[in-house]
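Participant: Here it is, the structure, as structure tokens.
The values are calculated or read from the model by the stated rules, or taken from the named source; none is laboratory data. A quick note: this is a predicted structure, and the numbers were derived from the prediction, not measured. Virtual Cβ from ideal backbone geometry, glycine too; neighbours counted across all protein chains shown.
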């Protein structure tokens with residue numbers, strides 16, 4: 001897609017700090033990182049979200065994310081990893097991508113859990 005920021009990065013029109021690349025995905029550091037090492041696994045083939053990505057690419061994306069996690073443990077000494085993949089609302093760039101956010105003890109990263117329905121209330125809606 002001509003206007004897609006990630007497609008431009010993949011083509012090399014926009015520079016990136018690429019930490020891994022193969023024929024299917026490119027992994028580069030996020031320009032607004034949550035923690036040190038925050039990166040994204042981005043398929044080279046443009047696809048919008050989880051409903052449009054093909055299973056082979058999705059499987060490869062997962063495989064690469066596992067390898068990057070292992071690399072981060074070794075080279076950055078991370079204590080854990082948070083993975084985020086947005087679809088629709090919350091997805092700033094409409095090109096499938098998986099955020100890999102390294103976690104460090106005491107990093108202060110919190111996710112707001114306030115004002116949520118109780119699990120039993122959600123369960124009733126999903127039945």
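Participant: Look through 55, 96 and report the one residue that is buried (at least 16 other Cβ atoms within 10 Å of the Cβ) and at pLDDT 95 or above.
Facilitator: The conditions single out 96.
Participant: When both residues are 6+ apart or on different chains and their Cβ atoms are under 9 Å apart, which pairs have a first residue that lies in the stretch 59-81 and is on the phi < 0 side of the Ramachandran plot and in contact (Cβ under 8 Å) with a residue 40 or more places away in the chain, and a second that is part of a helix (DSSP H, G or I) and surrounded by 13 or more Cβ atoms within 10 Å (Cβ to Cβ)?
Facilitator: Matching pairs, first to second residue: 78/69; 78/72.
Participant: If you don't mind, another one. What number of residues within the stretch 22-59 are more than 20 Å from residue 103 (Cα to Cα) and out of contact with any helix residue (DSSP H, G or I) (no Cβ under 9 Å at 6 or more places or on another chain)?
Facilitator: Selection size over the stretch 22-59: 11.
Participant: Related question: Looking at (1) modelled with pLDDT of 95 or more; (2) under 22 Å from residue 10 (Cβ atoms), which is the only condition residue 105 fails?
Facilitator: Residue 105 satisfies every listed condition except (2).
Participant: Condition first: outside any loop (DSSP other than H, G, I, E, B), surrounded by fewer than 17 Cβ atoms within 10 Å (Cβ to Cβ) and under 13 Å from the mean Cα position of the chain (by Cα). Now tell me which residues in the stretch 20-35 satisfy that.
Facilitator: Once the filter is applied, which keeps residues that are outside any loop (DSSP other than H, G, I, E, B), surrounded by fewer than 17 Cβ atoms within 10 Å (Cβ to Cβ) and under 13 Å from the mean Cα position of the chain (by Cα), the stretch 20-35 yields only 29.
Participant: In the stretch 72-93, which residues are surrounded by fewer than 17 Cβ atoms within 10 Å (Cβ to Cβ), closer than 17 Å to residue 27 by Cβ and over 16 Å from the mean Cα position of the chain (by Cα)?
Facilitator: Scanning the stretch 72-93 gives 73, 74, 75, 76.
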